[in-house]
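**Q** One structure follows; several queries about it will come next.
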Amino acid sequence: MNVIHEQVNHMKFGTGTITAQDSSTVTVKFLKEYGSKKFLYPSAFIFFLNLSNPSINKRMSNELKLIQTLAETARNNRLAEENKRTLLEQKAASKKKAPAKKRLPKKSSPEKEATVAIIAV
């Protein structure tokens, strides 16, 4: 939303005019004693700045609500993906193969025992 040349009110600095705007900041020129100040856009309009023009202030409120809704949706999507990943990891961990059963030693024939006994002597 383009707000250049709009009047704003700030609790400490008073009334000022927006002189510049880019995607992440707005610059407001206040009285001479305060000079120009930069604010984060659009969050400054939540916490610090109020637009003097009521119709533009309402449009800004709607835009801020939309941004907040989009941020909440993105956060919920991230949480859902993290939960899905955790469930898949838990499933994979539970599907690990059980340890192999121990085999019993082979029974040896009497001939092999005799051979082993002869070699041992």
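Read the figures in this text as sums done on the coordinates, not as results from a lab. Just so it is clear, the model here is predicted, and its values are computed rather than measured. Note: ideal-geometry Cβ built from the backbone for every residue, glycine included; neighbour counts use all protein chains shown.
**Q** Among the residues of the range 60-73, is any in contact (Cβ under 8 Å) with a residue 40 or more places away in the chain and not aromatic (F, W, Y)?
**A** Pass one, the range 60-73, residues in contact (Cβ under 8 Å) with a residue 40 or more places away in the chain: 60, 63.
Okay, now just the ones that are also not aromatic (F, W, Y), so 60, 63.
The answer is yes, given that some residue of the range 60-73 is in contact (Cβ under 8 Å) with a residue 40 or more places away in the chain and not aromatic (F, W, Y).
**Q** Report, by residue number, each residue of the range 17-59 that is in contact (Cβ under 8 Å) with a residue 12 or more places away in the chain and over 15 Å from Q7 (Cα atoms).
**A** D22, S23, S24, T25, Y34, L40, Y41, P42, I46 - these are the residues of the range 17-59 that are in contact (Cβ under 8 Å) with a residue 12 or more places away in the chain and over 15 Å from Q7 (Cα atoms).
**Q** Then there is this: Among the residues in the range 59-68, are any β-branched (V, I, T) and surrounded by 11 or more Cβ atoms within 10 Å (Cβ to Cβ)? Can you show your working first?
**A** So the first thing to find is which residues in the range 59-68 are β-branched (V, I, T), and the list is 67.
From the residues that got through so far, the ones that are surrounded by 11 or more Cβ atoms within 10 Å (Cβ to Cβ) too are 67.
The answer is yes, given that some residue of the range 59-68 is β-branched (V, I, T) and surrounded by 11 or more Cβ atoms within 10 Å (Cβ to Cβ).
**Q** Still on this structure, please answer the following. Can you pull out the residues in the range 2-19 that are surrounded by fewer than 14 Cβ atoms within 10 Å (Cβ to Cβ) and part of a loop (DSSP other than H, G, I, E, B)?
**A** N2, I4, H5, M11, K12
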